Structures are given as structure tokens and as C-alpha cells.
Amino acid sequence: MALYSEKVMDHFTNPRNVGKIEDADGIGEVGNAKCGDIMKMYLKIENDVITDVKFNTFGCGSAIASSSMATELIKGKPLSEALTLTNKAVAEALDGLPAHKLHCSVLAEEAIRAAIKDYYDKNGIAYDKSQFPEHDAEEEHSFTED
């Protein structure tokens, strides 16, 4: 049995939305101290809709695939919908990740939230702080599968 799904391999070898948005409206950067993965998400937002999204990820194939899939899932969506994206949804869209690589999908979710929070903060937009738990970029993630 293959360790990675065809979708993971496709998003790793042909990642979508790679790069940087120079005049990004929101930027989020998160990392995992245990594995060394670092994700940076850039958002372009018009009328509360994500019109463009790019990412730069330093990490393993699962981290790159998770970043790529997450950008595909939020592009063209309202911010309110992007905030509901979970790491589980990212992993499911990739047809699964090995248990020891699920933290990559967590980073993708957190990078999106961090970029949206950055947008809200830069523009003085009020938001529900419970949607943005404090995150330390060096924080280590531990969780279990359902």
C-alpha cells in the first residue's frame, strides 16, 4: 500500500498557488518546531472574498501538498467560509495523510487563520477572538486522529 495518495503526490509534484503576493492584504506564517516545517500564506481580499492566495512552504511533501490543497479550497471564498476550513477537511481533500503527517494539515489551517487575522488587524476590523487562538510559530502540535 502506498504511503501517500495520488492527490498528495499530485499536489506535492505540481503545487498550486506557489509564490508570494507582494501587496498581500493578509499574511500568515506558522511553523512546527518538531519537524521544522514553515508555512507562509498570502491573501488578496476584495469585499471580504479571497480573490487570490499564494503560499511558500519550507517542509516535507505533506506540508507542500497541504498548503497547495488549502489554497485551492479557500480561493474565491468569503472570509467567513475560509475560517471554517479545518485541518481534517484539508486531509480529506487530499484523500488522507499518514497519521504522523497530519500536523501538516494543521499548519495549513493555522496559516490561513493567521493571514485572515493579519488582514483584520491591519484594517481595524473587529472579530471574534475565539476564532483565532493564540499561536506561537515555534509551538509543537500534538493531536490524535478521530
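Read the figures in this text as sums done on the coordinates, not as results from a lab. Because the structure is a prediction, the values reported are computed rather than measured. Note that each Cβ is placed from the backbone with ideal geometry, even for glycine, and that neighbours are counted across all protein chains shown.
Numbers below:
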| item | result |
| --- | --- |
| Label-point separation in nm, residue 23 to residue 84, each point 7 Å along Cα→Cβ | 3.2 |
| Cleavage-rule hits, chymotrypsin sites (Phe, Trp or Tyr not before Pro), segment 46-141, DSSP coil, Cβ neighbours within 10 Å at most 16 | 127 |
| Residue pairs, from the table 75/101; 7/101; 88/122; 54/75, whose Cα atoms sit over 21 Å apart | 75/101; 88/122 |
| Distance between modelled label sites at residue 99 and residue 16, nm, 7 Å Cα→Cβ extension | 3.0 |
| Prolate/oblate/rounded label for the chain (Cα gyration tensor, a/c 1.5) | prolate |
| Between 0 and 90°, nearest 10: helix 102-122 axis offset from the chain longest Cα axis | 10 |
| Folded to 0 to 90 degrees: helix 61-74 orientation relative to the chain principal axis, Cα | 40 |
